[in-house]
Amino acid sequence: MAMANALRRALVLRRESFVFETVFSDPVGDKVTFLAETASLGYTVVLCYIGIENAAMSEERVAMHVHTAIRQLPHVLVFDNSDLRRPYRLVATFERGQCRTRVEPLPPWLGAAEL
């Protein structure tokens with residue numbers, strides 16, 4: 001995340017055009033602040049928001065994609081950002097579909113029974 005933030009800021013300093021995706025999950029609103037600052041510098045900022053009916057549906061889709069990624073990608077690191085007192089907690093690592101490390105308690109959204 002820090003690398004992506006630094007890259008976005010570097011692109012702004014160089015007056016480059018760019019696009020990025022976010023889920024707006026940062027608790028302090030850094031992404032919205034960045035977009036507002038960028039717009040004030042003369043960039044054309046267009047926000048395309050894609051919503052779904054409810055949080056449960058979002059959770060199901062994220063879990064589905066995470067489990068597909070675990071099966072298909074060579075290296076997957078899974079972080080839990082549920083607790084703001086312990087943000088970005090590494091909870092599991094996978095290599096070629098095999099769980100190499102897991103830190104209890106696993107978050108319910110990860111579907112621990114499937115690991």
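FYI, it's all coordinate maths here, none of it is from the lab. Just so you know, these numbers come straight off a predicted model, no measurement behind them. Note: ideal-geometry Cβ built from the backbone for every residue, glycine included; neighbour counts use all protein chains shown.
Quick notes on this one:
- With Cα atoms, 0 to 90° folded angle of helix 55-72 axis to the chain main axis: 70
- With at most 12 neighbouring Cβ atoms within 10 Å, loop GluC sites (Glu not before Pro) (DSSP) excluded, longest segment of the chain: 54-115
- Distances between placed amide hydrogens fall under 5 Å for residue 91 paired with 78, 79, 80, all partners being 5 or more residues away or on another chain.
- Whole-number D in µm²/s for the chain (Stokes-Einstein; Kirkwood sum over Cα pairs; 4 °C, 1.567 mPa s): 78
- Shape of the range 6-73, Cα gyration tensor, a/c cut at 1.5: prolate
- The chain: angle of helix 2-13 to the longest principal axis, Cα-based, in degrees nearest 10: 20
- Volume of the Cα convex hull of the range 55-110, divided per residue and given in Å³: 70
- Of the chymotrypsin sites (Phe, Trp or Tyr not before Pro) in the range 57-104, those whose Cβ has at most 11 other Cβ within 10 Å and which sit in DSSP loop: 88
- Gaussian network model of the chain, Cα within-10 Å springs - most flexible of 63, 92, 36: 36
- Gap separating the Cα centres of the range 29-50 and the range 66-108, nearest whole Å: 30
- Within the chain, helix-based [θ] at 222 nm, where runs of 4 or more DSSP H residues each add -39,500 (n - 2.57), nearest 500: -11500 deg cm²/dmol
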